[in-house]
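One structure is given below, encoded as structure tokens.
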Amino acid sequence: MIVEQIWTGNAYRNFNYLIACPETGDALAIDPLDFKKCLGVAKDKGWTISQILNTHEHADHTGGNRGVVKATGAKVIAHMNAKDRIANVDRGVGAGDIIKVGKTVELECLDTPGHTMCHICLLSHTDQPGLFSGDTLFNAGAGNCHNGGHPVELFDTFETQLEALDDDTVIYPGHDYLLNNLAFTLDREPDNDVARQMIKDYENQDPADALLTSMAQEREINTFFRLQSPTVVAKLAEEFPELGDNPDARAVFLKLRELRNSW
Ligand SMILES: [Zn+2]
């Protein structure tokens, strides 16, 4: 599996992706908003884009479909319940469905509601797994829920599906929000030295050559995986006495999600 992370340089800080089979040059485009850039990269590499996967229905993820389809005839894949929200979907997918790219690449669909209720993440079946996480999981952060999503569903997705991923899984998110998210982590957990060091190391990073985090790193720097951190819990309990002294993981997650919105 060859992965190209494509930095759009737009105001929303979108990442687009091409996933190619090294044997055949067949490629899948994930959320190819900047379709001209995606088509250009495919051309340079000698790849043929035959499929598009939209992680979810928001326009900054689907807006490039038409351009790619027009140029390549690629088939559009999205969550089975997104068919009336995304134009011209050729294949609706659900949990456990497999998307094949060329001869060698297999990508498993995870049904990951929360950011929206029709959100798909892709998990590669490779020696080192990769998760294409759309707007569900960002580097050091989680997707918002205020445009068709639900925070309780997002918690369940984190708790039951993302937490279960192997430590060496590489995260390929839909946006570059690393530095903002790390700042939120430090706001919630001022003694998180790993997050503090990462800000220093990457404050001037070029998003066109972005840090790729692993799940092991996410467990250290992402507040939404740190619901048991004594500092996170104590700080929340102090600020929001209604949570009580010993809030459960769900209550902590929901309060963090709410705080992140206004932060
Ligand atoms: Zn979105």
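The values are calculated or read from the model by the stated rules, or taken from the named source; none is laboratory data. The shown structure was predicted, so the numbers you read here are calculated from the model rather than taken from an experiment. Note: areas computed on protein heavy atoms with side chains; ligands, DNA, RNA excluded. Shrake-Rupley method; radii C 1.70, N 1.55, O 1.52, S 1.80 Å.
Annotations for the structure displayed:
- Pairs of Cα atoms in segment 94-176 fall into 10 Å distance bins, from 0 up to the last occupied one, in shares of 19, 52, 25, 4 percent.
- Counting only alpha carbon atoms, the long axis of helix 249-262 and the longest principal axis of the chain meet at about 80°.
- Here the chain exposes an accessible surface that is 46 percent carbon and sulfur, computed with a 1.4 Å probe and the other protein chains kept in place.
- If you bin all the Cα-Cα distances of the chain at 10 Å, starting from zero, the percentages per bin are 7, 31, 36, 19, 6, 1.
- For PHE138, the residues whose amide H sits under 5 Å from its own are GLY143, ignoring neighbours fewer than 5 places away on the same chain, with H placed 1.01 Å from N.
- Alpha carbon Rg of segment 224-263, scaled by the compact-globule rule 2.2 N^0.38 Å: 1.02
- Taking amide hydrogens as placed 1.01 Å from N in the peptide plane, the amide H of ASP97 sits under 5 Å from those of CYS109, each at least 5 positions away in sequence or on another chain.
- Under 16 Å from LYS255, Cα to Cα: lysines that are on another chain or at least 8 residues apart: LYS235
- 19 Å Cα-Cα reach of LYS75 towards aspartates and glutamates, excluding residues that sit fewer than 8 places from it in its own chain: ASP26, ASP31, ASP34, GLU57, ASP60, ASP84, ASP90, ASP97, GLU106, GLU108
- For the chain, a Gaussian network of Cα nodes joined below 10 Å ranks ALA74, ALA216, ALA195 by mean-square fluctuation, and the top entry is ALA216.
- With all protein chains modelled, accessible area of SER262 [1.4 Å, Å²]: 100
- A straight line joining the Cα centroids of segment 97-171 and segment 211-238 runs 18 Å.
- 18 Å tail of the calculated P(r), segment 14-66, as % of Cα pairs: 23
- Degrees separating the helix 35-45 axis from the principal Cα axis of the chain, which is the longest one: 70
- Share antiparallel - DSSP beta bridges, the chain, percent rounded to 5: 60
- Share antiparallel - DSSP beta bridges, segment 1-102, percent rounded to 5: 50
- Per-selection Kirkwood Rh - segment 1-93 (Cα, Å, 1 d.p.): 12.9
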